[in-house]
Structures are given as structure tokens and as C-alpha cells.
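S.K.: One structure is given below, represented as C-alpha cells, and several questions about it will come after.
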Amino acid sequence: MKNIYDLSRDDLIIYFENKNLKKYKAVQVYEWLYDKRVNSFEEMTNLKKELIEDLNKDFYFGKITLEKVQTDKDANKYLFKLEDDSLIEAVLMKHNYGNSLCISSQVGCNMGCAFCASGKLKKVRSLTCGEMVKQILAIEEKLNKKINSIVVMGIGEPFDNYDNVINFFKVINDPKGLAIGARHITVSTSGLVPKIKEFASFPMQVNLAISLHFADDESRSKYMPINRAYGIKELIDSIKYYISKTNRRVTIEYILLDCINDSIGDAKKLIKLLKGLNVYVNLIPYNETGSEFKPSKEKNKDAFYQTIKESGIVVTVRRRFGENIDAACGQLRAKEVKK
Ligand code: SAH
Ligand code: SF4
């Protein structure tokens, strides 16, 4: 039995074709799932009884349960329990132009970045496509509002769950699915070079963000173990390749950590690395997680920002959402798992 939310429309078309049924049935089922949002095949009243029986034999409606909600003025945080009792979380960010949702892609994360709450808990497993889709459906239902954009920046390394994440993009981008425009979808990776290269051939115009955070191999390898497998030069080369194939601007994420990577010298190293590339730098204020890492002091953050800006590289400082609710993805789950 498969979770019905794991299927892209093309997967469903294949299913119907194998049964010698018309492929428009796939569209009908999709509309029931994502437009009318029914929770059983019986409610799909334009399907024949025999077909409903078949569908019930082959598929089930995967569920996720909302365990906890924390709200702040500009963000809500949701803790979900999956069917195997695993916990994950999603964060809703309320912008003046709409709602964006940060979803999780794995239960835990194996990348082990020293500053990250998610990386403290090893990966238990990857999420299925349906479990990612359901995070959106559950929150839209709860809020009775449409989510306008999706960022895959919650718990987990999305490119360590590549195939499911790609299928997830197909479902949420499908005009008969959740109809979220590709330009409103962003995926962030800690730098799995082979997958960045593979992603260059993915035809949807999804935004790519790279968690660079350090501009030299010594410190990047110290705090981000992935760098020992794929160093900065390889990573930058893969970004160049991605840009040359897609012609799209890549976001470079850089967390500002007090006295670790926030000096003017660090800014200059970053400029040297990125000069001439079609990228934009997003400076991220660090959310404390009870570790030794502290956010940069205001004056250092400003100086870092100015240095990058004066080099001609486009740079922004990310707004901080949900300061009061452990909004850095992974923090809430980490607390719950400890309990
Ligand atoms: N695994 C992916 C996506 C999830 S993490 C990745 O690393 O890109 C999403 C972003 O949040 C990454 O840039 C990550 O480095 C950053 N992050 C992790 N812990 C953080 C914290 N405590 N405060 C602010 N950003 C954090
Ligand atoms: Fe995993 Fe991303 Fe956290 Fe690193 S920053 S441990 S890759 S979730």
C-alpha cells in the first residue's frame, strides 16, 4: 500500500494507464485531493464504485498529527507527529505579502553542523513526499489560508533525500496540485556537490540556496563536516556549473557567528570567493540553541554587511522570525525529544 500523497500526477497517470483507464481520472483524483481536500476515496463521488475499491486496495491516506503550536506575532511553529511517532516541525513566517512555510525534509540530520539544533540529533529517516506535502495541507487546513511560498529549510538535508524532494516539488507545483509557483519554492543545501550538479538539470525554476557560512576550508570543515567530503572549491565549482546550466541566481546563506566568521577579514574572503558569480548573499542572524555559538554583535554585523555591499555583491540581512518560539528549525523538536 502506498500513501496517495506520495504520487505526482504523472505517477497517478501511469497507475490508471496500467489499469487501462483513461488518464483524465488522474486529474479528477488530484482535484479531489488538492482542490476539494477530501480524506477518502469514497468522497470522490464521480469515481465508479469498482475504481474506489481498487484505489482502496492500493493506496491509503497518509496522516500527520499536529501535536503542538507555538505562536508569535510574525511566526507560528508547528510540531507534528508522523505515523511512526517521529517528530518533525514546520515554521510559518507571516510576511506582509503572504505566508511562507519552512518545512522539514528528514527526521533529524546526519550532516552534523556544529551550530545547528537539527544536526545534534542523528537522522532517523528521510521523509516521504507525502509527509512533506501533508505539512502544507495540515497547516492550510488549520489556518484556513493558502500558503504562498515554501522553503525547504526545516529539519534535515533535502539533498540527502533528493528523489522524494523532487517528487514533492512536482506535487506542490502542479497546477492541479497545490499550484505553488516554482519561483515561490526554495531549497537549501549544506553542499552535497553531486546533487547540486544533478539539480542543475531539474527543469523547474525552483530557487537554490547554499549554506556556505564559512569562506575558508579550515573553519568550514571544523563546523560543517560535509566540507571534509566536498571542499569549498568543489562547492563553488558546482555552483558555477548550476548557474551556467540554469542561468539562475543562487542564494548564498551566511550565518553570522560572533567572533567565528564575522570579521572584516572573513567578509573579504567571502567577497574573493563570490566575486563575479551570479549570487546574492543572505546574512542570517543566528538563533541561539544553547550551544557555545552566539549571534554576531550588531556593530560587527553592520560592518560585515557594509563590506560585502561595497564590493558590489548583492547582500541582505535575513529578518529574524519568531524569536520567542525557538524558531530555528530543529529547536522545538530537539527539546521535545530530550523530554
Ligand atoms: N540542511 C539544509 C537545510 C536546513 S537548515 C541546510 O543546511 O541548508 C536551513 C538553514 O538554517 C541553513 O542555512 C542552516 O545553516 C541554518 N541554521 C541552522 N541552525 C541555525 C540557527 N540556530 N540559527 C540560524 N540559522 C540556522
Ligand atoms: Fe543538517 Fe542543515 Fe542543520 Fe547542517 S544546518 S545539521 S545540514 S539541518
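The values are calculated or read from the model by the stated rules, or taken from the named source; none is laboratory data. Because the structure is a prediction, the values reported are computed rather than measured. Ideal geometry is used to build each Cβ from the backbone, glycine not excepted, and the neighbour counts take in all protein chains shown. What goes into the accessible areas is simple: the full protein's heavy atoms, side chains included, and nothing from ligands, DNA or RNA. Shrake-Rupley method; radii C 1.70, N 1.55, O 1.52, S 1.80 Å.
S.K.: In whole Å and largest first, what semi-axes does the C-alpha gyration tensor of the range 2-60 yield when each eigenvalue is scaled by 5 and square-rooted? Intermediate values should be presented prior to the final figure.
M.R.: On the way: eigenvalues 44, 34, 26 Å².
After scaling each eigenvalue by five and taking roots: 15, 13, 12 Å.
S.K.: Work out, step by step, the length gained on full extension between Asn20 and Lys197: first 0.36 nm times the residue separation, then minus their alpha carbon distance; give nm to one decimal.
M.R.: 60.0 nm
S.K.: Within straight cross-link reach of Lys23, meaning Cα distance under 14 Å, which aspartates and glutamates are found once same-chain residues fewer than 8 apart are removed?
M.R.: Hits, sequence-local ones excluded: Asp10, Asp11, Glu31.
S.K.: What's the extension gain from Lys36 to Lys233 if we count 0.36 nm per residue and subtract their Cα-Cα distance?
M.R.: 66.1 nm is the gain from fully extending Lys36 to Lys233.
S.K.: Taking only protein heavy atoms into account and a 1.4 Å probe, give the accessible area per residue of the range 175-242 in Å².
M.R.: On a per-residue basis, the range 175-242 sits at 40 Å².
S.K.: Taking amide hydrogens as modeled 1.01 Å from N in the peptide plane, which residues meet the under 5 Å criterion relative to Gly108, leaving out close sequence neighbours?
M.R.: The answer is Val124.
S.K.: At 1.4 Å probe size, with every protein chain present, just tell me what the per residue accessible area of the range 2-60 comes to in Å². Walk me through the numbers before you get to the answer.
M.R.: Values: 3370 Å² over 59 residues.
Value for the range 2-60: 57 Å² per residue.
S.K.: With no solvent and one equal point scatterer placed on each C-alpha of the chain, evaluate the Debye formula and give log10 I(q)/I(0) for q = 0.11 Å⁻¹, two decimals.
M.R.: Normalising to I(0) and taking log10 leaves -0.73.
S.K.: Check Ile252: other-chain or 5+ apart residues with amide H under 5 Å from its amide H, H built from backbone geometry?
M.R.: Residues meeting the amide H criterion: Ile210, Tyr280, Val281, Asn282.
S.K.: Using a 7 Å offset from Cα along Cα-Cβ at Asn278, what residues in the range 232-257 end up with backbone N under 20 Å from the label point?
M.R.: The answer is 235-253, whose backbone nitrogens lie closer than 20 Å to the label point.
S.K.: Let me ask something else about it. Using a Cα-Cα cut-off of under 30 Å, which lysines could be cross-linked to Lys275, ignoring same-chain neighbours fewer than 8 residues away?
M.R.: Reachable lysines: Lys195, Lys197, Lys222, Lys233, Lys240, Lys245, Lys294, Lys297, Lys299, Lys301, Lys309.
S.K.: With 27 Å as the limit, write out which pairs from Lys123/Lys145; Lys81/Lys142; Lys123/Lys272; Lys73/Lys123; Lys36/Lys81 have Cα-Cα distances beyond it, or answer none.
M.R.: Beyond 27 Å: Lys123/Lys145; Lys123/Lys272; Lys73/Lys123.
S.K.: Cα axis of helix 9-18 to longest principal axis of the chain: angle in degrees, 0 to 90, nearest 10?
M.R.: 30 degrees
S.K.: Something else now. Please give the per residue accessible area of the range 75-168, computed with a probe of 1.4 Å over protein heavy atoms only, in Å². Don't jump to the answer; show the numbers that get you there.
M.R.: Values: 3120 Å² over 94 residues.
Using a 1.4 Å probe on heavy atoms only, each residue of the range 75-168 averages 33 Å².
S.K.: With θ taken as phi - 60° and the coefficients 6.51, -1.76 and 1.60, list the Karplus ³J(HN,Hα) couplings across the range 280-294 in order, rounded to whole Hz; mark glycine and proline as x.
M.R.: In residue order, the calculated couplings are 10, 9, 10, 7, 10, x, 6, 8, 5, 10, x, 9, 6, 7, 10 Hz.
S.K.: Could you work out how far apart the two model spin labels at Asp10 and Arg318 are, taking each label as a point 7 Å from the Cα in the direction of the beta carbon, and quote it in nm?
M.R.: 3.1 nm
S.K.: Among DSSP beta bridges lying fully in the chain, give the percent that are antiparallel, nearest 5.
M.R.: Percentage antiparallel, nearest 5: 45.
S.K.: Separate question: Please report, as a whole percent, how much of the solvent-accessible surface of the chain comes from carbon and sulfur atoms (probe radius 1.4 Å).
M.R.: Its accessible area is 49 percent carbon and sulfur atoms.
S.K.: While we're here: Residues with beta-carbon under 13 Å from that of Thr45, excluding Thr45: net charge, scoring Lys, Arg +1 and Asp, Glu -1?
M.R.: Here the count lands on 0.
S.K.: Over the chain, what is the relative contact order in whole percent, taking alpha-carbon pairs under 8 Å and six or more residues apart?
M.R.: 16 percent
S.K.: Cβ neighbours within 10 Å, averaged per peptide: list 289-296, 59-66, 99-106 in order, most packed at the top.
M.R.: Details: 289-296: 15.1, 59-66: 16.8, 99-106: 24.5.
So the peptides 289-296, 59-66, 99-106, ranked by packing, come out 99-106, 59-66, 289-296.
S.K.: Treating only the Cβ of Lys, Arg, Asp and Glu as charged (+1, +1, -1, -1), what charge dipole size does the range 58-105 show about its Cα centre? Round to the nearest 20 debye.
M.R.: Here the size comes out at about 300 debye.
S.K.: Give me, ordered by chain and number, the residues 5 or more places off Asn3 or on other chains with an amide H under 5 Å from its own placed amide H.
M.R.: Answer set, sorted by chain and number: Tyr60.
S.K.: So what is the relative contact order of the range 2-60, in percent, for Cα pairs below 8 Å that sit 6 or more residues apart? Present the calculation step by step, with values, prior to reporting the outcome.
M.R.: Working: 31 pairs, mean separation 21.3, N = 59.
RCO, the range 2-60: 36 percent.
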